[in-house]
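Q: The structure that follows is given in the form of structure tokens.
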Amino acid sequence: MGKGRGMTTTKQKSLKRVVSVLAATLALCTVSASAQAQEIQLTGPLAGAPAVRKLRLHRKGRFEIAPAVSFTLLDEYQRTILLGGRLQYNFTDWLAFGAWGAVGSAIRISTYLTDQIQNVNAGRRAADPGTAANPNGTSLDRQLTAGNVGPDFKKQLGGIDWVVAPQFTAVPFRGKLALFQSIYLDTDLYFFGGPAFVGLKERANCNSCAGVFKTSTRVAIAPTFGLGINFYINKWSALGFEYRGLPFSWDTSGFDTAGGGKDKKFPDNRITDDDRRFNFNQLLTVSYNIYLPFQYRVSE
Amino acid sequence: MKSSPIGLLVAVALGIFPAQSWAAGKSHAAGKAAAAKDSKGATDSAVVDADASGAGAPATDAAAAGDTAGSVTATPAPGGDDSATPGGGSGLDDICKIDPAACPNLDMDKEAARPLKEQIFAVQQAYALRVRRLELQLGWSVSMNDQFVSHPAPVLALNYYITNVLAIGINGEYYLNNDKEFNAQVRRSARVAVPLTEYQWAAALNFTYVPAYGKFAGFGDFIFHYDAYVVGGVGAISVRPIPVIDPDNRNFSFEPKLAFNAGIGLRIFFNRWFAAVLEVRDYVFNDKLENLTVDRNPANKNTWYGETSLTNNVQAQFGVAFFIPPSFDYRLPK
């Protein structure tokens, strides 16, 4: 029986499929290659034009003086409100160098935990005031906390006295904002970073610490970084909001929590550097930025 | 092998089609080049004409006459000679042929010199319209104000935009709790225990209002759009105390509490249906804390709870948003 026109063998069918698939693949490859080639045909009046024309250069060549208030976040024992400011020079509209400085010793607000410890501690001392021969009292609570909690717990807490942070600021994003479709503001989003010098008050190191709750100061050096957004109110001023990370180790409570036992994770009845804990300190800053000279430049 | 030639024909056809498009682009370029060549020693108007016509040939009259682009007027040439106008007799010339009375007579030099007082919108045509679109948010939240127990949680939210600025929606999250080492240190050092609370889930019905939108130019090169919103709602949060005063006897069960929430958020659009979301929201609820004292009968459940406290659970949320349907039509051109 000969092969008719409509009759094909299995081998022929397979060959057909392979050739068809190859042809379709070739077609698809040709299409995508041509589509890619079409992209380079971009012509017209906007071809090669910058993304933004006549951009108001709020920063370029201007000094920035920004009084600021900063609030610490996620504090365990006391919240600190730092009063200070930022002074920087903007070399270009996207790069600046300056410093942020603030004083934190003026406003400190104790947390619920601090109040709770102080209240409990005051109650214990009232119930068991101790004697000249045994100043730490006789109760178990008084004796176990003699080296950790002083008469006024708030006075032994660690605090940030001041911060000075030279920093570079990069401003990669510049834009505008429509508020309620009636108020229009220029904005920019920036990132900053640099070293920070932090003046700290902490409980002083001691070897025999029962009843000794003196504090000392030191300067910690830590990295600081963050991001912020500015809303330009007029030609020479802006309102700024900033988030800052300031991680370093310090003793926030004045407790003897480490230095002894396995891996130094147990109390050793002394206050030492081992009692410092790593804290990722965080701050929110609100600033009012003033730019000098008062007139900004405009890009082409 | 019957279908193989068909496939090859399709391949050739598809290959030729875009190749022609590409060739058209080349011819533009060629036209430009030719026009530029023609206009050497004459004017730049030939280049303008070449762009307008796409051929380059009609530019020769103007170039030969020494006209400039600025001197070309919309006035028809005497006798209806179309060749005097760029483009080879189209556009305004057609109007003049149909109705000479309606034929505009503009001096382009004067028109070009007129000061433009056209109203320009500070933010033209919102990049992504939200009206009648569903927003699906997927995210991860972290607690911002609980230094004792962290409450990270995956978050899912659905919002339907009734108008371009107002949405109604729901959200839910499932908490993972982490009792920090710091708590044990405080208990050991000061012999003071602070009541702790862990969360299980939260769900809420919310209203979202979008009062602000804008755009940023990134590195002066690309532009992305964003909007800022406020959100508020009411729902429930399931919580229970972590037993720290008498953990040997007390074992609390989760109980849902009425919770109000309010927050602000920022949405950064990568395209018209996909955005990154940053949000800070405060969930406020009345929390029943563990009793700080132990009763003589510690197994009595009625003595386990102490005072109630209005608790603020401030969370920061990071996530992405998908808008469905992904495309939309503008009602107005601007």
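The values are calculated or read from the model by the stated rules, or taken from the named source; none is laboratory data. Keep in mind that what you see is a predicted model, and the values were worked out from it rather than measured. A quick note on method: Cβ atoms are made from the backbone with ideal geometry, for glycine too, and the neighbour counts reach across all protein chains shown.
Q: Please state which one of A:Ala66, A:Ala102, A:Ala106, A:Ala96 is in contact with a Lys or Arg (Cβ under 6 Å, 6 or more places away or on another chain) and closer than 30 Å to A:Gly193 by Cα.
A: After ruling out the rest, the residue left standing is A:Ala66.
Q: Next question. Consider segment A:202-219. How many of its residues are closer than 22 Å to A:Val103 by Cβ and either within 14 Å of chain B (Cβ to nearest Cβ) or buried (at least 18 other Cβ atoms within 10 Å of the Cβ) (or both)?
A: 2
Q: When the residues of segment B:281-299 are narrowed to those that are β-branched (Val, Ile, Thr) and surrounded by 13 or more Cβ atoms within 10 Å (Cβ to Cβ), which ends up nearest to B:Asn206 (Cα to Cα)? It would help to see each step written out before you state the result.
A: Of all residues in segment B:281-299, those β-branched (Val, Ile, Thr) come to B:284, B:293-294.
Next cut, surrounded by 13 or more Cβ atoms within 10 Å (Cβ to Cβ) only: B:284, B:294.
On the way: B:Val284: 14, B:Val294: 40 Å.
Applying the filter and picking the extreme gives B:Val284.
Q: Also, quick follow-up: Determine, yes or no, whether A:Phe231 is of a type outside the set (Gly, Ala, Ser) and either outside any loop (DSSP other than H, G, I, E, B) or surrounded by fewer than 17 Cβ atoms within 10 Å (Cβ to Cβ) (or both).
A: In short, yes.
Q: In segment A:281-292, which residues are touching a Gly at 6+ places or on another chain (Cβ under 8 Å) and over 21 Å from A:Phe197 (Cβ atoms)?
A: Listed by number, the residues that qualify are A:Val286, A:Tyr288, A:Asn289.
Q: Related question: Which members of segment A:182-193 meet the condition of being at pLDDT 95 or above and surrounded by fewer than 16 Cβ atoms within 10 Å (Cβ to Cβ)?
A: A:Phe191, the sole residue that qualifies.
Q: Separate question: Quick check: is even one residue across segment B:213-234 surrounded by fewer than 14 Cβ atoms within 10 Å (Cβ to Cβ), within 14 Å of another protein chain (Cβ to nearest Cβ) and within 24 Å of B:Val155 (Cα to Cα)?
A: So far as segment B:213-234 goes, no, none of its residues is surrounded by fewer than 14 Cβ atoms within 10 Å (Cβ to Cβ), within 14 Å of another protein chain (Cβ to nearest Cβ) and within 24 Å of B:Val155 (Cα to Cα).
Q: Could you tell me whether A:Ala196 is at pLDDT 95 or above, under 16 Å from A:Glu64 (Cβ atoms) and either assigned to a loop (DSSP other than H, G, I, E, B) or touching a strand residue (DSSP E or B) at 6+ places or on another chain (Cβ under 8 Å) (or both)?
A: No: the conditions fail for A:Ala196.
Q: For segment A:166-182, what are the residues that are in a strand (DSSP E or B) and within 14 Å of chain B (Cβ to nearest Cβ)?
A: Just the residues of segment A:166-182 that are in a strand (DSSP E or B), to begin with: A:166-179.
Selection gives A:Ala170, A:Val171, A:Pro172, A:Phe173, A:Arg174, A:Gly175, A:Lys176, A:Leu177, A:Ala178, A:Leu179.
Q: Name the residues in segment A:243-269 that are more than 23 Å from A:Gly226 (Cα to Cα) and more than 10 Å from every other protein chain (Cβ to nearest Cβ), would you?
A: A:Asp251, A:Gly259, A:Gly260, A:Gly261, A:Lys262, A:Asp263, A:Lys264, A:Asp268, A:Asn269
Q: Say whether the condition of being within 14 Å of another protein chain (Cβ to nearest Cβ) and either in contact with a Leu (Cβ under 9 Å, 6 or more places away or on another chain) or closer than 11 Å to A:Tyr77 by Cα (or both) is met by at least one residue in segment A:134-155.
A: Yes, some residue in segment A:134-155 is within 14 Å of another protein chain (Cβ to nearest Cβ) and either in contact with a Leu (Cβ under 9 Å, 6 or more places away or on another chain) or closer than 11 Å to A:Tyr77 by Cα (or both).
Q: Of all residues in segment A:195-239, which are charged (D, E, K, R) and within 30 Å of A:Arg56 (Cβ to Cβ)?
A: Residue satisfying the conditions is A:Lys235 alone.
Q: Say whether the condition of being part of a loop (DSSP other than H, G, I, E, B), polar (S, T, N, Q) and surrounded by fewer than 20 Cβ atoms within 10 Å (Cβ to Cβ) is met by at least one residue in segment A:281-296.
A: Taking every residue of segment A:281-296 in turn, at least one turns out to be part of a loop (DSSP other than H, G, I, E, B), polar (S, T, N, Q) and surrounded by fewer than 20 Cβ atoms within 10 Å (Cβ to Cβ).
Q: Looking for whichever is in contact with a helix residue (DSSP H, G or I) (Cβ under 7 Å, 6 or more places away or on another chain), touching a residue at least 24 places away in the same chain (Cβ under 8 Å) and farther than 27 Å from B:Asn145 by Cβ here; the options are A:Phe213, A:Phe294, A:Phe255. Which one fits? Break it down stepwise before answering.
A: On the way: A:Phe294 fails: in contact with a helix residue (DSSP H, G or I) (Cβ under 7 Å, 6 or more places away or on another chain); A:Phe255 fails: farther than 27 Å from B:Asn145 by Cβ.
Matching residue, one of A:Phe213, A:Phe294, A:Phe255: A:Phe213.
Q: Here is a follow-up. Of the residues in segment B:164-197, how many are within 23 Å of B:Gly233 (Cα to Cα), aliphatic (A, V, I, L, M) and surrounded by 20 or more Cβ atoms within 10 Å (Cβ to Cβ)?
A: 1
Q: Let me ask something else about it. Could you tell me how many of the residues in segment A:100-131 are crowded, with 17+ Cβ neighbours inside 10 Å and more than 14 Å from every other protein chain (Cβ to nearest Cβ)?
A: Going through segment A:100-131 one residue at a time, the tally reaches 5.
Q: For segment A:62-85, state whether one or more residues are farther than 30 Å from B:Gln315 by Cα, within 13 Å of chain B (Cβ to nearest Cβ) and not aromatic (Phe, Trp, Tyr).
A: No: segment A:62-85 contains no residue that is farther than 30 Å from B:Gln315 by Cα, within 13 Å of chain B (Cβ to nearest Cβ) and not aromatic (Phe, Trp, Tyr).
Q: Do you know which residues across segment B:192-215 are out of contact with any helix residue (DSSP H, G or I) (no Cβ under 6 Å at 6 or more places or on another chain) and free of Cβ contacts under 8 Å to residues at least 24 places away in the same chain? Break it down stepwise before answering.
A: Looking only at segment B:192-215, we keep the residues that are out of contact with any helix residue (DSSP H, G or I) (no Cβ under 6 Å at 6 or more places or on another chain), and these are B:195-215.
Within segment B:192-215, B:Ala212 is the sole residue that qualifies.
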